[in-house]
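Working notes for the structure below.
The values are calculated or read from the model by the stated rules, or taken from the named source; none is laboratory data. What you see is a predicted model, and the numbers here were worked out from it, not measured in a lab. Ideal geometry is used to build each Cβ from the backbone, glycine not excepted, and the neighbour counts take in all protein chains shown.
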C-alpha cells in the first residue's frame, strides 16, 4: 500500500512538471533591445519576468509590482504569443511603469495609443496586434468623458497604416 501511494505521488509530481507552462523570460532581452533602439528604455533598476498568473486585459498584458523593493514588470504568458505581441505589451507598460499603480482608463488609452503610433518602430509588425490596439483604443476612448479626451486624438482621425 505504501509503495502504491509513493508511486502515485511520484507520478503525480512528474505529471505536474509536464504541465508547467514554458518560461519565456529568455525572449524578453531581445524585445527590450528593440524598444531601446527606438528610444523606449526602461530604467536600469526595473526587473522583467514571465509570470503565468498575469492575464491580458485589453492591450495590457503586464502588471507592475514592487518585489523586494524593486519595480518588477510581470509579463503574461499570452504576451509571448508572437514577437509583435511581446513588443506591444512592453511598449504599452512603458508609458506608465515609472509609478507602480493600476492604470486608469485615460492611462490605458494613452498607452494603447502609444502602441498604435510607435509600435512599428519597436517591431510590432503583426497586423492583428495593431488591429487589436486600434479596437481597444476605440473602446477606451469612448469610455472617457469629453474633458478627459482633450489630449487624445479621436480613433477615426488616426492614420496608422
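None of 128, 95 is touching a helix residue (DSSP H, G or I) at 6+ places or on another chain (Cβ under 6 Å) and surrounded by fewer than 21 Cβ atoms within 10 Å (Cβ to Cβ) except 95. When the criteria are applied in full, residue 53 fails the requirement of being outside any helix (DSSP H, G or I), modelled with pLDDT under 90, over 20 Å from residue 134 (Cβ atoms) and under 15 Å from the mean Cα position of the chain (by Cα).
Among the residues of the stretch 92-110, is there at least one that is out of contact with any strand residue (DSSP E or B) (no Cβ under 8 Å at 6 or more places or on another chain), part of a helix (DSSP H, G or I) and under 18 Å from residue 26 (Cα atoms)? Scanning the stretch 92-110 turns up no residue that is out of contact with any strand residue (DSSP E or B) (no Cβ under 8 Å at 6 or more places or on another chain), part of a helix (DSSP H, G or I) and under 18 Å from residue 26 (Cα atoms).
Taking the criterion of being surrounded by 17 or more Cβ atoms within 10 Å (Cβ to Cβ) and either in a loop (DSSP other than H, G, I, E, B) or in contact with a helix residue (DSSP H, G or I) (Cβ under 8 Å, 6 or more places away or on another chain) (or both), the residues of the stretch 57-72 that qualify are 58, 59, 60, 61, 62, 64. The residues of the stretch 40-54 that are under 16 Å from residue 91 (Cα atoms) and in contact (Cβ under 8 Å) with a residue 24 or more places away in the chain, listed by number, are 40, 42, 43, 46, 47, 48, 49, 50.
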